[in-house]
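Values in this text are rule-based calculations from the coordinates and carry no lab data. Keep in mind the model is a prediction, meaning the values are calculated, not measured. No Cβ is skipped: glycine too gets one built from the backbone with ideal geometry, and neighbour counts run over all protein chains shown.
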Amino acid sequence: MAFNIDNKDDKKESIIIIKNLDKHFGRVKAVNNVSLEIKTGQVVVIIGPSGSGKSTLLRCINYLETPSGGDIWVDGIHLTRKSKDINTVRREVGMVFQQFNLFPHLTVLENIILAQTVVRQRSQNEAVEMARKQLARVGIPEKANVYPEQLSGGQQQRVAIARALAMNPKVMLFDEPTSALDPEMIKEVLEVMLNLAKEGMTMVVVTHEMGFAKNAADRIIFMDGGSVIEDTIPSELFTDPKHSRTKMFLSKIL
């Protein structure tokens with residue numbers, strides 16, 4: 001069952017606003033004049049061929065990549081190269097990468113506690129309580145005291161999601177979170193993400209998992225050549241794509 005856009009979304013405020021965004025790497029235009037808005041509670045899935053600018057766009061939202069031009073607002077804060085509010089925004093925007101980026105010498109619990117105590121300045125007891133709560137949320141509460149190397153790839157990615165959720169973010173960004181996983185481990189991660197979507201978490205997800213896109217997305221954005229080619233609801237994109245490039249892409253993957 002898809003959570004598609006309805007009239008209620010029109011009343012929600014945009015938590016992310018992007019206007020005329022450019023990101024160049026030398027002569028390569030990775031992101032080319034992209035404008036879009038994402039409302040609170042929406043699940044937006046970005047699809048497209050490799051090199052289309054999907055991940056770069058995502059990384060620009062919290063300034064892991066510095067835009068070459070254009071403007072980005074996150075939760076009302078206008079980000080710029082000189083902005084003092086970038087760290088404030090990063091505290092409110094959780095990000096899950098292709099690789100899990102867990103500290104191998106720390107237990108699962110310690111991995112989740114660390115940022116809470118440093119960035120959120122929570123007490124040790126508060127951080128532990130939150131970590132255990134989020135581990136239960138992603139379905140692996142029994143793994144609190146093991147080390148990352150003792151976990152499967154899917155479990156490590158769920159720890160990474162729990163770590164991001166423990167910071168109480170207003171937005172979650174996912175950059176191809178299942179691409180490094182074996183096929184049998186993908187489902188467990190997607191189920192966690194699907195539950196987050198059902199709970200109303202604002203999510204922007206770059207993925208090749210079309211099943212997730214169909215089942216969880218309010219909107220699907222198709223990118224190619226650094227530009228947004230289509231921005232619509234799943235039922236329209238998959239059954240009646242408007243652009244020939246979208247049709248070609250879908251014909252190869254569906």
Next item on the list: Decide, for the stretch 165-254, between rounded, prolate and oblate: order the square roots of the alpha carbon gyration tensor eigenvalues as a ≥ b ≥ c, take rounded if a/c falls under 1.5, and otherwise choose prolate if a/b is larger than b/c, else oblate.
Entry: prolate
Next item on the list: Filter the cross-link list Lys29/Lys242; Lys133/Lys187; Lys23/Lys187 down to pairs whose alpha-carbon distance in this structure exceeds 28 Å.
Entry: Lys23/Lys187
Margin query: Please compute the length gained on full extension between Phe103 and Phe238, using 0.36 nm multiplied by the number of residues separating them and subtracting their Cα-Cα distance.
Written below: 44.6 nm
Next item on the list: Name the long-range amide H neighbours of Ile229: under 5 Å, sequence gap of 5 or more, or other chain; modelled H, no Pro or chain starts.
Entry: Phe222, Met223, Asp224
Next item on the list: Would you grab the residues whose amide H sits under 5 Å from the one on Gly70? Only those 5+ places off in sequence or on another chain, please, with H modelled 1.01 Å from N.
Entry: Asp22
Item checked: Cut-off 19 Å, label 7 Å out along Cα→Cβ of Asn215, residues of the stretch 128-150 by amide N -> 137-140
Item checked: Label-point separation in nm, Ser227 to His78, each point 7 Å along Cα→Cβ -> 2.8
Item checked: 3J(HN,Hα) from dihedral phi, the stretch 189-203, Karplus parametrisation 6.51/-1.76/1.60, rounded to Hz, x for glycine, proline -> 6, 5, 5, 4, 5, 5, 5, 4, 4, 5, 6, x, 5, 6, 9
Next item on the list: Please say if the stretch 14-104 is rounded, prolate or oblate, where rounded means a/c under 1.5 for a ≥ b ≥ c the square roots of the C-alpha gyration tensor eigenvalues, and otherwise the choice is prolate for a/b larger than b/c and oblate otherwise?
Entry: rounded
Notebook entry, point to check: If one takes the longest principal axis of the Cα atoms in the chain, at what angle in degrees, from 0 to 90 and to the nearest 10, does the Cα axis of helix 124-137 lie?
Noted result: 60
Check: What value, in deg cm²/dmol to 500, does the helix sum -39500 (n - 2.57) over DSSP H runs of n ≥ 4 give at 222 nm once divided by the residues of the chain?
Finding: -11000 deg cm²/dmol
Check: Quick one: if the Förster radius is 22 Å, what FRET efficiency do Ser251 and Ser50 give, using the C-beta to C-beta distance and rounding to 0.05?
Finding: 0.85
Next item on the list: Work out how much length Gln121 to Ala136 would gain on full extension: take 0.36 nm times their residue separation and subtract the Cα-Cα distance, in nm to one decimal.
Entry: 3.2 nm
Next item on the list: Mind pulling the angle between the C-alpha long axis of helix 244-253 and the longest principal axis of the chain? Nearest 10 degrees, somewhere in 0 to 90.
Entry: 40
Next item on the list: Return the percentage of antiparallel bridges among DSSP beta bridges fully within the chain, rounded to the nearest 5 %.
Entry: 55
Check: For the peptides 170-181, 85-96, what is the packing order when you average, over each peptide's residues, the other Cβ atoms within 10 Å and list the highest mean first?
Finding: 170-181, 85-96
Checklist line | Inter-probe distance in nm under a simple model that places probes 7 Å from Cα toward Cβ, at Asn168 and Glu199 | finding: 1.4
